[in-house]
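Take a look at the structure below.
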Amino acid sequence: MGNLIKTVLFLLVSAFLTHLIPYNDFFRNLDTMVHEFGHAVVTLLLSGKVMYIELFSNHSGVTYSQVTRPWSLIPIALAGYMTASLFALFLFRRRAKDRQRFGLQVATVIAIISLIFFVRNEFGVMWVIGFIILNTLMLAFMPRFISDIYYLLIAFLTLEESVFGPFSLILYAMQDPAKAGDATNLAKVTPIPSIGWAVIFTVFALWCAMRALRWFFSGGRRAGRAARMPSYQSQYEE
């Protein structure tokens, strides 16, 4: 319970600080893109058809798809929030292993695939193109310390959105269960009400956030110890 409270408090402080950063709204759409990408990939894996994805400036999105098997709606609806939470966890895991560059490359590949195959509305297309260009600049031209700061920014913004997104479903489900997005879709095909699914999404997101922050702090300590360790060089003469 102590770790959960610390995680929630850290996320609240992080959300306050990141809202002070100019243009932070631009990067919050990364969580939306990954969320909808998760829906699309699982739809295709279950032999469904993805017609297109729309991304909007208010950080919302929708995936239009067709499925022939009613049971497939369950894994498809589960995929959105869970994929977003796992992606945030992935970003922090790469950072703990000092592989931020690989994390940016994966995010860029997801954006490129989304642009080519899925995203079709004007705002969504322009946002994805802008994100791809910015990532390419960071990977190809920026010095390491700038790209690392950029990486931490999108990692924390994605983590925040991955938690606050499903938490907002709880509020929506309490006010109007029919307007709770994926939780409502799951409630239609399962005996669990929409607020129950919203809680499940939130608990999973918090579990991922706790692990992500553990990697963030342990990764920083390892990096600090490595920087303090003296280096020795052996010389051999023949």
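Scan the stretch 47-55 and tell me whether some residue there is within 21 Å of Val163 (Cα to Cα), of a type in the set (Lys, Arg) and open to solvent by 30 Å² or more (accessible area, probe 1.4 Å). Looking through the stretch 47-55, none of the residues is within 21 Å of Val163 (Cα to Cα), of a type in the set (Lys, Arg) and open to solvent by 30 Å² or more (accessible area, probe 1.4 Å). Restricting attention to the stretch 62-77, and to residues there that are over 18 Å from the mean Cα position of the chain (by Cα) and polar (S, T, N, Q), which single residue is nearest to Asn121 (Cα to Cα)? Filtering the stretch 62-77 for residues that are over 18 Å from the mean Cα position of the chain (by Cα) and polar (S, T, N, Q), the one nearest to Asn121 (Cα to Cα) comes out as Ser65.
Return the residues of the stretch 115-125 that are surrounded by 13 or more Cβ atoms within 10 Å (Cβ to Cβ) and assigned to a helix (DSSP H, G or I); say none if nothing qualifies. Selection gives Leu115, Phe117, Phe123, Gly124, Val125.
Considering (1) open to solvent by less than 20 Å² (accessible area, probe 1.4 Å); (2) modelled with pLDDT of 95 or more, the lone condition that Trp207 does not fulfil carries the number (1). Checking Ile132, Ile112 one by one, the residue that is out of contact with any Pro (no Cβ under 7 Å at 6 or more places or on another chain), part of a helix (DSSP H, G or I), open to solvent by less than 50 Å² (accessible area, probe 1.4 Å) and farther than 20 Å from Ser162 by Cβ is Ile132 and no other. Within the stretch 153-197, being without any contact (Cβ under 8 Å) to a residue 60 or more places away in the chain, surrounded by 15 or more Cβ atoms within 10 Å (Cβ to Cβ) and β-branched (Val, Ile, Thr) holds for Ile170, Thr184, Ile195.
Of all positions in the stretch 21-31, at least one carries a residue that is surrounded by 17 or more Cβ atoms within 10 Å (Cβ to Cβ), outside any loop (DSSP other than H, G, I, E, B) and basic (Lys, Arg). Within the stretch 64-75, is even one residue assigned to a helix (DSSP H, G or I), of a type in the set (Phe, Trp, Tyr), crowded, with 19+ Cβ neighbours inside 10 Å and in contact with a helix residue (DSSP H, G or I) (Cβ under 8 Å, 6 or more places away or on another chain)? No: the stretch 64-75 contains no residue that is assigned to a helix (DSSP H, G or I), of a type in the set (Phe, Trp, Tyr), crowded, with 19+ Cβ neighbours inside 10 Å and in contact with a helix residue (DSSP H, G or I) (Cβ under 8 Å, 6 or more places away or on another chain). Being open to solvent by less than 70 Å² (accessible area, probe 1.4 Å) and either assigned to a helix (DSSP H, G or I) or under 9 Å from Arg101 (Cβ atoms) (or both) is the filter here; which residues of the stretch 136-152 pass it? Scanning the stretch 136-152 gives Thr136, Met138, Leu139, Ala140, Ile146, Ser147, Asp148, Tyr150, Tyr151, Leu152. Out of all the residues in the stretch 83-97, is one or more touching a residue at least 24 places away in the same chain (Cβ under 8 Å), open to solvent by less than 80 Å² (accessible area, probe 1.4 Å), polar (S, T, N, Q) and more than 28 Å from Trp215 (Cα to Cα)? No, that holds for no residue. The set of residues in the stretch 120-146 that are over 21 Å from Ala40 (Cα atoms) and either of a type in the set (Asp, Glu) or more than 18 Å from the chain's Cα centre (by Cα) (or both) comprises Ile133, Thr136, Leu137, Met138, Leu139, Ala140, Phe141, Met142, Pro143, Arg144, Phe145, Ile146.
The values are calculated or read from the model by the stated rules, or taken from the named source; none is laboratory data. Fair warning: this is a prediction, and the values are worked out from it, not measured in the lab. Heads up, the Cβs are rebuilt from the backbone with ideal geometry, glycines too, and the neighbour counts pull from every protein chain shown. For the accessible areas, the whole protein counts, side chains as well, though only heavy atoms, and no ligand, DNA or RNA atoms are used. Shrake-Rupley method; radii C 1.70, N 1.55, O 1.52, S 1.80 Å.
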